[in-house]
1. Tally the residues that are outside any strand (DSSP E or B) and under 27 Å from F190 (Cβ atoms), restricting the search to region 129-177.
2. Kindly evaluate I251 against the criterion of being modelled with pLDDT of 85 or more and aliphatic (A, V, I, L, M).
3. Identify all residues within region 322-381 that are assigned to a loop (DSSP other than H, G, I, E, B), touching a residue at least 40 places away in the same chain (Cβ under 8 Å) and either open to solvent by 30 Å² or more (accessible area, probe 1.4 Å) or polar (S, T, N, Q) (or both); write none if there are none.
4. Among the residues of region 383-420 satisfying the criterion of being open to solvent by 70 Å² or more (accessible area, probe 1.4 Å) and assigned to a strand (DSSP E or B), which is farthest from D456 (Cα to Cα)?
5. If you check every pair at least six apart or on different chains, which have Cβ atoms under 7 Å apart with a residue in region 227-255 that is touching a residue at least 40 places away in the same chain (Cβ under 8 Å) first and a residue that is part of a strand (DSSP E or B) and open to solvent by 60 Å² or more (accessible area, probe 1.4 Å) second?
6. Only one of (1) modelled with pLDDT of 90 or more; (2) assigned to a strand (DSSP E or B) fails for G206. Which number is that?
7. Quick check, is T285 surrounded by fewer than 17 Cβ atoms within 10 Å (Cβ to Cβ) and either within 36 Å of the chain's Cα centre (by Cα) or not assigned by the TED database to the domain that holds L226 (or both)?
8. Can you pull out the strands (runs of 3 or more DSSP E) entirely within region 47-94 that have at least 2 residues that are open to solvent by 50 Å² or more (accessible area, probe 1.4 Å) and closer than 17 Å to T30 by Cβ?
Amino acid sequence: ILPFVAKAFEMEIIPANTIVAQIGETLILTCNTTGCASPSFSWRTQMDNPLGGTVNNHGTYSTLTMNPVSIVNSHDYLCTVFCGEQEKKEKSIKVELYSFPSDPIIEIRPSLVAGEPVTVICKIPDVYPSDHLEVLLKREEHVLHEENFYEDDSTNTETKTVTYSFNPMAEDIGKEITCVAKLPIANMDFEPKERVTSQKLNANFGPQNTVITASPGNSPMEGDSLKLTCVTESNPLPQIVWRKHLADESIQHLIENNVLSIPHAHFTDSGLYICEVINLVTNKTEKAAVDIVIQDGPKNTMISVIPATAVKEGETVTMKCTSSGNPSPVISWKKKKATGETEKIFQNATLTIQNIKSQDLGLYECEAYNQFGKEEKAVKLLVQVPPQNVTVLVYPSENVKEGENVTITCSTYSNPPSQMVLKKVHQEKEIILPSVNGTFILYNVTKNDTGRYLLDVFNEVGNNVKVIDIAVVGRLEKTDQMIPVVIALSCVTAIAVPVVAILIYVSRKAKINGSYSLVKALRLKV
């Protein structure tokens, strides 16, 4: 049988040598013995500071519990063990403290508005020792700001704050602002030594950089589809209102949408379009405008004539031609010749003819043209001329014998065509013979037909009176023979070419003094 060998008296501290503890947590130091049935324990700090913990003895081991660990526990702790009166052993353990309990907290002040300064505040709670703290502020991967606290002399946990201000741009919205806090302490084994917090940059801004895009462009052809898009930078999304400035300087409210569509552009859709953008959060408004001109060939060409299309000779007439189109049509005037061909006479919108003459009458054409087409309008100009150059011929002469026939022809120059009336002066029963393209026959003139006759040639703008003296003497040998006598009165006029009209003045065959029959005359209308 082997002899009994007693174990030697030994002790140990768990954990050994050094322990890294985070302030605020629970730390238990254990002093354990072997080879001693009834050890006694004592705990103290090397500088005899308060233990800052609770001692519990459990036979062969003793514990020192720090709950929670605080700054006062940053010491070397010594555990002394007595085994009887003769044996004594002691060991020490170093308690190293740190505090890095939570991730940074990011605060952005004020509510972001693009273009205006914003302050990012990063708070690192309850840091110890802060003289090792390093802080980075980043926008995505771009470092905005870097700060350390190497000179800090805090002796307890403190919340450290890093502040940085900058002017965010619209493109910064949605990007992450990151605060990276590091506590790199050499020879201290703890995790994590880096804490990170990120927050997306969400700003209320705008509206800004508002523009209008026009598709297919600012000058589409008539009939094309036109789409106007209001593009802006704003957060939150803005309210958009479209308006159009009208020709009378009033404003027409259109739609509340960022896109204004016109399926078939018309010339009247030309004008100044305004997009008004309103951010109800930032209480800001911005406007953009675009001038839309619909291109097309000449349309709605019109001619106005002052004072009228029918004017008197010697007056002044003004003809004005207007036409819509884009580009603005070029206006020219042409006059139609007698041959049917047209001759260019003037290039301007307004054609003025002073002291108008009969040769100025005719068909005038206004031509409006641009690169997309042309349009023509015509107006007939009438020059009113009173009867003039009246010529009266009496055949065979103004002195005739009884029973002969008398022919009177008349030619004149007038516009509109003249009418004429023949009447005998000092007739007891005055007989007036009008000419309405009619024929009047006087058979076998008698002495009673002797006298003065007035030939009145007239139209709307004047008249001309000719005097004819007819003398009837003696009789022809064959008194009973009826010889057709035609009194021809021609006063139908066409400018430049007088035309002869025949007026036949009729008398009864029988010798009825001063008596005329119009019945037969009316039957012989030309």
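The values are calculated or read from the model by the stated rules, or taken from the named source; none is laboratory data. This is a predicted model, so every value here is computed, not measured. With ideal geometry, Cβ positions are generated from the backbone for all residues, glycine too; neighbour counts draw on all protein chains shown. The accessibility values were calculated without ligands, DNA or RNA, using every heavy atom of the protein model including side chains. Shrake-Rupley method; radii C 1.70, N 1.55, O 1.52, S 1.80 Å.
1. The qualifying residues number 14.
2. no
3. Hits for region 322-381 are P327, S328, N355, K357, L361, Q371, F372.
4. K401
5. Final answer for the pair search is T232/N209; E233/N209.
6. It is condition (1) that G206 fails.
7. Details: surrounded by fewer than 17 Cβ atoms within 10 Å (Cβ to Cβ): yes; either within 36 Å of the chain's Cα centre (by Cα) or not assigned by the TED database to the domain that holds L226 (or both): yes.
Answer is yes for this residue.
8. It comes to 54-58.
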